[in-house]
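Only the coordinates and a few stated rules stand behind these numbers; no lab work does. Just so it is clear, the model here is predicted, and its values are computed rather than measured. Reconstructed Cβ throughout: ideal geometry from the backbone, glycine too, with neighbour counts over all protein chains shown.
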Amino acid sequence: MIMKSKQQKPLNRVKICLVGSHKPYPAFDSVSSILKETLGSKYVVELRIKDLSVKTPPALKPIYILLHDVALYFKIISCYKRDRFNAVLIFQGYYPLTYIGLKISRIRIILYVGGSAFKSSYYSHKDDGVPNRILAYLNVLTEEICHTLSDLIIVPSEKMLNELGLRWHADKVHTAVGIISSDFFDKFKIINDYKGRRNVVGYVGGLARSKGILNLFEGISIIANNLGDEAPYFLIVGGGELYSYLKNKLDTYKLSNHVFLTGHMPHKA
């Protein structure tokens, strides 16, 4: 006896809401551009948020963070009622109340993690008295709650699983960039002649431990020692807590001929 198979319903198109800082954020802009090209602009919703905690007095900062968290949830829900997206992609944002609300609302959460200022804060302040230890621990706890509630976590490289303490969530962690191998250079080659151009490697961002800038300097030192005069020139744009430290390290590592630190540059520069 032959049974007629039921006609399969077409799959719904994926529609995603990107949530990130209103400040220039290369990762946000790149992902948004790629998604708009692959899914179509009408399937990508952008929600930029302002963080005014820096301008908030220290005594009021906990209250502001709480209110900001709640307000973000209602902003996302307002967008959801209007645009009906399938998932939210949050860039480097730890908002536990928002995550709990999205989980209850059955909206899938994708979290992009490029580093952890909370982890740096924890290791920097865990020996600085009881109040700072409590604050540092609460920051790490907040981070872990958000990791647990996320449906997917995206990191730049597999190495960051250990650095960010994500081994417990390895089953839902995906790397954004794979290891560049010889196959990469076989497929992507420069056609035009650039022999007369100086090889320059650039970094733009904060000079903080959470950004991995110390690892970058260590890598630059290895490259400079191995290649000598043929090593590329490194232009590092940004300021932060490690600027003076790295400035001194240029002489220690003998990198003054290979690295130029510009210091802080305003976003509108």
| task | Could you work out how far apart the two model spin labels at residue 83 and residue 66 are, taking each label as a point 7 Å from the Cα in the direction of the beta carbon, and quote it in nm? | result | 3.0 nm
| field | Cβ-based net charge around residue 206, under 14 Å, with every Lys or Arg adding one and every Asp or Glu removing one | value | +2
| query | Which distance in Å, rounded to a whole number, links the C-alpha centroids of region 51-87 and region 215-269? | reply | 36 Å
| field | About the Cα centre, charge dipole magnitude for region 199-263 (Lys/Arg +1, Asp/Glu -1 at Cβ), debye | value | 200 debye
| task | Give the long-range amide H neighbours of residue 108: residues separated by 5 or more places, or on another chain, with amide H under 5 Å away, using H modelled in the peptide plane at 1.01 Å from N. | result | 88
| said: Which of the three applies to region 8-107, rounded, prolate or oblate, going by the alpha-carbon gyration tensor with a ≥ b ≥ c and a/c under 1.5 meaning rounded? | reply: oblate
| query | In sequence order, what are the phi-derived ³J(HN,Hα) couplings for region 57-71 according to the Karplus relation 6.51 cos²θ - 1.76 cosθ + 1.60 with θ = phi - 60°, rounded to whole Hz, with x for glycine and proline? | reply | x, x, 5, 9, 4, x, 5, 4, 4, 4, 5, 5, 4, 5, 4
| query | Given a Förster distance of 35 angstrom, what is the FRET efficiency for residue 199 paired with residue 163, based on the Cβ-Cβ distance and rounded to 0.05? | reply | 0.80
